[in-house]
Structure formats: structure tokens, C-alpha cells
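Worksheet for the structure shown next.
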Amino acid sequence: MKIIFNKTLFIRLMENINLADIKTPDDIRSMSIEELTKLAAEMRSALIEKLAVHGGHVGPNLGMVEAVIALHYVFDTPKDQIVFDVSHQTYPHKMLTGRMEAFTDPAHYDDVTGYTNPEESKYDLYSLGHTSSAVALAAGLAKARDLKGDSQNVVAVIGDGSLSGGIAFEGLDYGATLSSNFIVVVNDNQMSIAENHGGIYADLRLLRNSNGTAEPNLFRSMGYAYRYVNYGNDLKSLIEMFRSVKDINYPVVVHINTMKGMGLPIAEADKETFHYSGPFDPKTGVSANAEPAKDAPEDYSEHFAKSMLRRMKENDKVVTITAGTPGVLGFDKERRQDAGRQFIDVGIAEQAAVDVASGLAHGGMRPVVGFVSSFLQRAYDQFSQDIALNKQAATFVVFYGTMFGMNDETHLGFFDISLLSNIPSLLYLAPTCKEEFDAMLDWSIKQTKLPVVVRIPGTTVLSNPEIKLLDDYSKPEYDIVREGKDIALIGAGLMFGAMSQAADILAKQGINVTLINPRNLSTLDTATLDSLKNYKGVITAEDGIIDGGYGQKVASYLGESPVKVMNLGLPKEFLNRYNYSELRNACGLTPEQIAGSAVELSKM
């Protein structure tokens, strides 16, 4: 056989791909498989370099490089529509759709969010940071296409544990009824944030082990055609598969078996740690902040996990529950094993977590559910109906319920007070320190009359051994920490500290104010509030939005009295990647600003 040497092709294959030349998916559609393979290697290298110094979702994105390249190579995006879920696995997608510089130039690392965002690119259809909704969203897009008589492909990409969410099943259920093009790509990397939990993952495991031939098959039973790619990081296989389903005229599931953390040995070996990581050494995996200062404050996740393990060992009726975020609760693999059957992970399924807790409480157990504030909103109906209406004595602990938590517009944690404190029969407690948090949690576990939510005060543990604790938190009883006249400062949860500092500032000016820790954000201590009706002013402060919050309850109650009420808190807005200090200053929540507001009220 005569071999013809193509010098031009040889040079192209030997050269590295210049990532700066990739502006749109059109720039990759003429590439050969060999060139695409080089592109994948270059993209993965750039991702690792950025993530090592910047932090972010490591494993999900490294595992999706080839799949994203293949999707944009085969489908005519943005005419063909792709909805990504969970969109924390879309860094490669952003690299191919005009945002490469944000992954190759340190000066531009912060130019993009960690999730899809239509304000960044026409290739991003939704702002998505939560999970499980892509299939239903894409089904709606497909139905709109059909009603308009259009013909583009509609693709939902779902994975990284998000199939366990209830809306994923609802979307699959409806999508199966479409008699037209509807493509669901299931990215199966055998992981959620930690290990997967739920019966659906046993089905996926059988499908992987049988090269896609096992029966029963959930997707086929729902009415989908089914395709399987055993090595979901192989470009050739992916491209062939996506070509085979492009322009298909019925619903199909393409199940791809990918490697989370692909290309970074430390991420492949420890998928849970490197689901999301701060800056790290890419060779050793050691965090850039591996040596914390000796006087570094204690972390509430650690505190919660240690104290709950103690409670579970002392009482075999106590159960800790998470909806796919065990790390937030401080429960690493070792602690989960130590807790055994008393630790429950329902997967990314907040609604199920609430109802499982309701069932456990009804069955005589003492469930404690830990929630990331931003995620608990998905279970509002269960909080209202299955917990509060039925008065099930379960306990819920809210993590990151603060302006000082996550600051992406899809992960804001400061809506929870308005969301939950207005549900009847649900007690919402706001401790100000570690000692008060522990006392409220202990009481809530022991009592059996009502559901209780305990909001962790901030992100780092604050201690106040002098705090006045109660034996029973079911009735509103404000803690009047210091008594003054004319002006009262009421600080809820974390904001009590700022109020206390403001009171100190005012005392130095000869202004003695009344300082109050309300403890309970659901029900007002009317006796205490009645004693303030002849004051010149009352200032409330909370680490949450003002609208529908605790302060407005106080203002409403005192509305017909002469006292002027000022509510301090956050605006009802989807703030995006805000600066913590700037937001606090803009809202007048520094001790100095609070003191200034008190002075103004005292002059009225």
C-alpha cells in the first residue's frame, strides 16, 4: 500500500490548538477527530490551570469536555437549543461560545459566572444554578417549537446527580409524550456531590454494566427510545451517537458514561472533594489554604456534624438528613460511616427530604434536616402542607442563610426568613451565637409538638457564654440584653452582633438604647413590643430581605403607635456576585451606620 505524506495535515496535527481562535462553535466544526482531541486536551489543561488558582466546580467540568465539544460539533447551536443541568458543568460550553478568555487569561477569570447566563451569551438559554429542571424546560421549548412549526433540535443535558430531583421525573414524564424531536442527554458520572443515592442510580448501574442492554430500563418504560455510549469521554463515539439522533422525530435518551474529574488524577481519585474546590495544588490536591491560622474561627459545618454525631450516639431516635449536600453539614465519608443508618442522604431531592422527615417524626423518630438556604425553597409546599399543617415535630437547620454566604444570583441565601417564617405553625428561630444555636437545637429535638427551623447565624462560629438561654423556645420571649430609653435596637440572628456594637457606639455618645435579641422570627413578643410604643424609634435589622421579613412584622404591629420603626435588611433583588462589604454598607447595616440611624431617630 502506498502511503501519501500530507505535510500540511501533519503540521496541523502537530501544532497545539490556539484556544484564542475559538470564538464560536463554527470554529470547531471543520476540525478532524484528531484536532478535536487536541482541542479537548488544551481545554482541559486550561480548565485545570484556572481552577487551581481560582477554584470552582472541578470534577463536573473536567468530565464534560468531550461531551460539550461533541454537542456543539454536531448540533447547529444556537439555532439548535441546548439546556444544561446542572449548569455548574458548563465551563467547557462557555469556552466554545465566545468566553474563552475567561478561562485562559487570569485577568478575565471573573468575567463569567459559574452557571449558564443569557446575559453572557445567546448560547445560554436560562440562568440556572439549581438542579433537575433542564428536561422540563427543554420539553417546553420543544412544545413551543412544534406549535410554531419550527424544526430545530432541542437537547436537555442532565446529570451529576440531578436525576434524583422530582422535577426531573416530571419533565421526563411529560417529555415522553412529545411526538417530535426531543433529545435528553444523561451525563452519568456515577456521582452526585458525594455518592449517588436512590433507586434510579441502581438502574443506571445495571445499564452501564450491561453496555446499555439491561432490562428493565426506566427510560424505555417511560416511552423514550434509548441509546448508550459506554465511554462518554471518547469524541468519536459521542459524535457518532449525536449524529445518529440529530433531527430525530421522537423523544430519545442518550445515556453517556463519563468520568468525573477526567484528566486530573487527584480529582478522579477523590471525586467528592473535587466536586467543588477552592484554589489547590493540581499535583498534590492540597488546598491553597491548607494551613489555617491558629486563631481561625470555628466552622459551623464542623460544629454541627460533631454535635449531631454526639446526639445520635446518645439517642438512637435522632436522625440526620441531607438532600445531596453532606459536606455542607460537615458529614464527610468517615462521619457518614460513623453515623450509619442514622444518617440519611435522599439525593438531590429537597422535597423528599422534608417529607421523609415528616414520616420519621410521625413514626416517633427525631429527624434533623440540614439545608442550604438557597435550595430549601424547592420544598416550600412540603414545608407548608406535610410539615406545618400536620404539625410534625421535625427540625430543620438552615446553612448559608446570610448575605455573607454564596453570592451568585442563582444561589442567594437571604430569602429564607420571608419564605418560611410566615408559614403557620412553623417556628422559625434565629440564634445569635453557638451557645444559643446549641440550646435551640437541643430543645427542638426534645420537643414533640411543632416543627422548628433553626437558622445558623452566619458562616463562622461566634461564641457568647453570657447569652441568656431558655428551657422552652415555643413561645415568643425576647431577650432584653440592655435597657435604655427612647430608642430600641432589635437585631435578628447574625445582625444582633452589629446592633450590639452600635449600642456600644451610642453609649459612648451618652445615648443609652434598649438592645433586644428577638430569638423567634415567626411570632412577636407583643408584651415587649408594647413597652416600646412610647419610644421615639425602633430599628430592626435582619440578614435577609426586608419585604415579608421579620422587621415588617414589628413595623406592622407598632404601626398605630407613635413610635417610628426603621427596618434594615436587604433589597428584594436577584443580586449577582455582589461585594459583601459594599452590600452591607449600601443597606446601612454596619454598626456605625446603625448608630447614625439611631441618632437621627432620637432627634425626631
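Scan the stretch 122-129 and give yes if some residue there is in contact with a Lys or Arg (Cβ under 7 Å, 6 or more places away or on another chain) and touching a residue at least 60 places away in the same chain (Cβ under 8 Å), otherwise no. No, because not a single residue in the stretch 122-129 is in contact with a Lys or Arg (Cβ under 7 Å, 6 or more places away or on another chain) and touching a residue at least 60 places away in the same chain (Cβ under 8 Å).
Pairs please, first residue from the stretch 430-459 and under 21 Å from Tyr550 (Cα atoms), second anywhere and part of a helix (DSSP H, G or I) and of a type in the set (Val, Ile, Thr), Cβ atoms under 7 Å, 6+ apart in sequence or on different chains. Close Cβ pairs (under 7 Å, with a partner that is part of a helix (DSSP H, G or I) and of a type in the set (Val, Ile, Thr)) amount to Pro451/Ile387. Scanning the stretch 406-429 for residues that are of a type outside the set (A, V, I, L, M) and free of Cβ contacts under 8 Å to residues at least 40 places away in the same chain gives Pro424, Ser425.
Residues of the stretch 337-348 that are touching a residue at least 24 places away in the same chain (Cβ under 8 Å), of a type outside the set (Phe, Trp, Tyr) and outside any loop (DSSP other than H, G, I, E, B): Asp338, Ala339, Gln342, Ile344, Asp345.
Would you mind stating whether Asn211 is in a loop (DSSP other than H, G, I, E, B), touching a Gly at 6+ places or on another chain (Cβ under 8 Å) and farther than 30 Å from Glu350 by Cα? Judged against the criteria, Asn211 is not a match. In the condition set (1) among the charged types (D, E, K, R); (2) in a strand (DSSP E or B); (3) not assigned by TED's automatic domain parsing to the domain that holds Lys143, Lys283 is compliant with all but (2).
Being more than 24 Å from the chain's Cα centre (by Cα) and either outside the structural domain of Leu51 (by TED's automatic domain parsing) or in a helix (DSSP H, G or I) (or both) is a property that Lys306 lacks.
Does the stretch 207-228 contain any residue that is closer than 30 Å to Ala46 by Cα, in contact with a His (Cβ under 7 Å, 6 or more places away or on another chain) and buried (at least 19 other Cβ atoms within 10 Å of the Cβ)? Taking every residue of the stretch 207-228 in turn, at least one turns out to be closer than 30 Å to Ala46 by Cα, in contact with a His (Cβ under 7 Å, 6 or more places away or on another chain) and buried (at least 19 other Cβ atoms within 10 Å of the Cβ). Considering (1) under 30 Å from Thr37 (Cβ atoms); (2) in a helix (DSSP H, G or I); (3) of a type outside the set (Gly, Ala, Ser), the lone condition that Ile200 does not fulfil carries the number (1). Suppose we filter Ala70, Ala41 for residues that are aliphatic (A, V, I, L, M), buried (at least 18 other Cβ atoms within 10 Å of the Cβ) and at negative phi; which single one remains? Selected residue: Ala70, the only one of Ala70, Ala41 that is aliphatic (A, V, I, L, M), buried (at least 18 other Cβ atoms within 10 Å of the Cβ) and at negative phi. What are the residues in the stretch 388-411 that are crowded, with 20+ Cβ neighbours inside 10 Å and within 21 Å of Ala498 (Cα to Cα), if any? Of everything in the stretch 388-411, those that are crowded, with 20+ Cβ neighbours inside 10 Å and within 21 Å of Ala498 (Cα to Cα) turn out to be Val398, Phe399, Tyr400, Gly401, Thr402, Met403, Gly405. Highlighted here are the helices (runs of 4 or more DSSP H) found entirely within the stretch 76-193 that include at least 1 residues which are within 26 Å of the chain's Cα centre (by Cα) and surrounded by fewer than 24 Cβ atoms within 10 Å (Cβ to Cβ): 101-104, 134-148, 166-175. Every residue in the stretch 480-499 that is free of Cβ contacts under 8 Å to residues at least 60 places away in the same chain and either touching a helix residue (DSSP H, G or I) at 6+ places or on another chain (Cβ under 7 Å) or over 18 Å from Asn567 (Cβ atoms) (or both), please. Within the stretch 480-499, Ile480, Val481, Arg482, Glu483, Gly484, Lys485, Gly491 meet the criteria.
Quick check on this structure: which one of Gly588, Gly596 is on the phi > 0 side of the Ramachandran plot, free of Cβ contacts under 8 Å to residues at least 60 places away in the same chain and over 26 Å from the mean Cα position of the chain (by Cα)? Steps first, answer last, please.
Numbers: Gly596 fails: on the phi > 0 side of the Ramachandran plot.
Testing whether each residue is on the phi > 0 side of the Ramachandran plot, free of Cβ contacts under 8 Å to residues at least 60 places away in the same chain and over 26 Å from the mean Cα position of the chain (by Cα) leaves just Gly588.
For the stretch 170-195, the set of residues classified as of a type in the set (Val, Ile, Thr) and within 13 Å of Gly159 (Cβ to Cβ) consists of Val184, Val185, Val186, Ile193, listed by residue number. Hey, could you check the stretch 496-516 for residues that are modelled with pLDDT of 95 or more and outside any helix (DSSP H, G or I) and say which is nearest to Glu483 (Cα to Cα)? It comes out as Thr514. Taking the stretch 364-374 as the range and being outside any strand (DSSP E or B) and among the aliphatic types (A, V, I, L, M) as the test, only Met365 passes. Each residue in the stretch 215-258 was checked for being hydrophobic (A, V, I, L, M, F, W, C) and at pLDDT below 95, and 1 of them qualify. Evaluating Gly98 against the criteria (1) of a type in the set (Gly, Ala, Ser); (2) under 20 Å from Leu62 (Cα atoms); (3) out of contact with any helix residue (DSSP H, G or I) (no Cβ under 8 Å at 6 or more places or on another chain); (4) without any contact (Cβ under 8 Å) to a residue 12 or more places away in the chain leaves one unmet condition, (4). Check Gln351, Gln377 and return the single one that is part of a helix (DSSP H, G or I) and over 13 Å from the mean Cα position of the chain (by Cα). Answer to the selection: Gln351. Here the stretch 464-497 is the region considered, the condition is being under 22 Å from Val599 (Cα atoms) and among the acidic types (Asp, Glu), and the residue that is surrounded by the most Cβ atoms within 10 Å (Cβ to Cβ) is Asp486. For Phe274, the test of being among the hydrophobic types (A, V, I, L, M, F, W, C), modelled with pLDDT of 95 or more and surrounded by 15 or more Cβ atoms within 10 Å (Cβ to Cβ) is failed.
Here the condition is being over 14 Å from Asn187 (Cα atoms), free of Cβ contacts under 8 Å to residues at least 40 places away in the same chain and part of a helix (DSSP H, G or I); of Arg243, Arg220, it holds for Arg220 alone. Once the stretch 374-387 is narrowed to residues that are of a type outside the set (A, V, I, L, M, F, W, C) and modelled with pLDDT of 95 or more, the residue that is surrounded by the fewest Cβ atoms within 10 Å (Cβ to Cβ) is Asp381.
The values are calculated or read from the model by the stated rules, or taken from the named source; none is laboratory data. In this text, all values refer to a predicted model and were calculated from it rather than measured experimentally. Quick reminder, even Gly has a Cβ in these numbers, built from the backbone with ideal geometry, and neighbours come from all protein chains shown.
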